[in-house]
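The next block holds one structure in the form of structure tokens; read it before the comments.
Coordinate-derived values only; no laboratory data. All values derive from a computational prediction rather than experimental measurement. Positions of Cβ are generated from backbone atoms using ideal geometry, with glycine treated the same way; all protein chains shown enter the neighbour counts.
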Amino acid sequence: MTKSRRKRRSGDLLIEIATRKQAQQIIQLKSLDTILVTVSTHATLNSSKGVISCGELLHVRMEEVLKGFQPQGVPHVQCIKIRQNGQLIDTKHLILTFNSPKIPNSVRAGYIKLTVRPYILIPLLCVKCQRFGHSKASFRGTLTCASCAETGHDSSDCTASEKCVSCKGSHTSFCRSCSAWKFEKEETFLTSNIPLKIRGYNSVRKDAATGANHSGGVCILTSDLYPSSPLPLHTSLQAVAVQIHAQTLVTVCSVYLPPHDVISHHVLDNLIEQLPAPFLLLGDFNGHGALWGSDVTNSRGRQIVHFISNNCLCLLNNNEKIYLNEPIRTFHSLDLAICSPTLMPLLDFTVGSDLYNSDHFPLIVSYADSGGMIQYPPRYLFQRAD
């Protein structure tokens, strides 16, 4: 049985398989009954990228580095470069592409064990028109200089004063200190007057309060394939909930607790009282606790532990890290998946391996293949036995 199947706009069928053996069998498929089919691996979903740092490899040719990493499932190596005095300089940081959807914890360069960190994409900037969101392969606009922001020429021989296309500041369009570049690198920001419409999905959202000291906002997207309805909540928390009929009727609630807000336990208890069982509570709780893999436990973490215990709830998290603190390159567990006891044996919990330009790895909660699921005895058609 495959894990998931989805039809793409092109008409192709995207299939996620469960085992390597299944992949080896399906890749050899030539036809379905009388219909001829072509099976190929996805261009990006079967690979992942990670970053290593090693000063010993700084002056080694990339061909030799790649040859050393190939036995560890690395088909491509790229050196990260920085620009100094108009020249590109190699650094000790390397981007490794792996032949697996999830990066390994470490690789070896000879006798050196190197930690592999997730590769975080920088904002996509077209070098032709200097606009964000697409590459030069999708360029359809007007050639624009990255140095002076004027149209009709590139920046190779430009001697005019520097001007940014995006923010109109006195710097080049690819400058990392540009306010527009920093904005593109941040999380998606939706104001309350911008409707959220995604084809094939229904959305319910609650925007954060406006002001310099406020952040967050929550949203739940539900597929049209599953009947769902919003659940009104009477709470001061940033929380929304829906009831979804998948294999059974389940309440799903998304919540965000700002790190510096003081939240009473009565407010959290009141939220739980409004959620019809069985329910799944997901969100960024901004608490550190040993129960979900943190190295230390803070006051918010202790509050969450008491909240789970007092309401007889179950924590789905394991010790996998969820949040990447990019400036200091450390990992933490801030996002939690909490459920009512009857759902616990029915669910599987995993952490995704792709950041998707965020600093939080996605939580993936799915129905287990077995365990709490009802198992029916096999039935046989003896008259068709060979």
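Numbers for the structure displayed
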| item | result |
| --- | --- |
| GNM result for the chain, Cα springs below 10 Å: residue of ARG131, ARG117, ARG199 fluctuating most strongly | ARG199 |
| Sorted by Cβ density within 10 Å, fewest first, the residues VAL218, VAL116, VAL37 | VAL37, VAL116, VAL218 |
| Within the chain, helix-based [θ] at 222 nm, where runs of 4 or more DSSP H residues each add -39,500 (n - 2.57), nearest 500 | -3000 deg cm²/dmol |
| Percent of beta bridges antiparallel (DSSP, the chain, rounded to nearest 5) | 90 |
| Paramagnetic reach from HIS59 in region 87-104 [backbone N under 15 Å; point 7 Å along Cα→Cβ] | 90-92 |
| Local electrostatic count at ALA337 - Lys and Arg +1, Asp and Glu -1, tallied over other residues with Cβ under 13 Å | -4 |
| Choice from ALA208, ALA23, ALA368 with maximal GNM fluctuation in the chain (Cα, 10 Å cutoff) | ALA23 |
| Relative exposure of LEU94, LEU121, judged by other C-beta atoms within 10 Å (fewest first) | LEU121, LEU94 |
| Longest exposed-site-free window of the chain, the sites being chymotrypsin sites (Phe, Trp or Tyr not before Pro) in a DSSP loop that have at most 13 other C-beta atoms within 10 Å | 190-355 |
| log10 of Debye I(q)/I(0), alpha-carbon scatterers only, for the chain at 0.11, 0.12, 0.14 Å⁻¹ | -1.10, -1.26, -1.47 |
| Highest-MSF residue in the chain out of THR91, THR151, THR172 [GNM, Cα springs under 10 Å] | THR151 |
| Neighbour-count ranking [beta-carbon atoms within 10 angstrom, fewest first] of ILE364, ILE15 | ILE364, ILE15 |
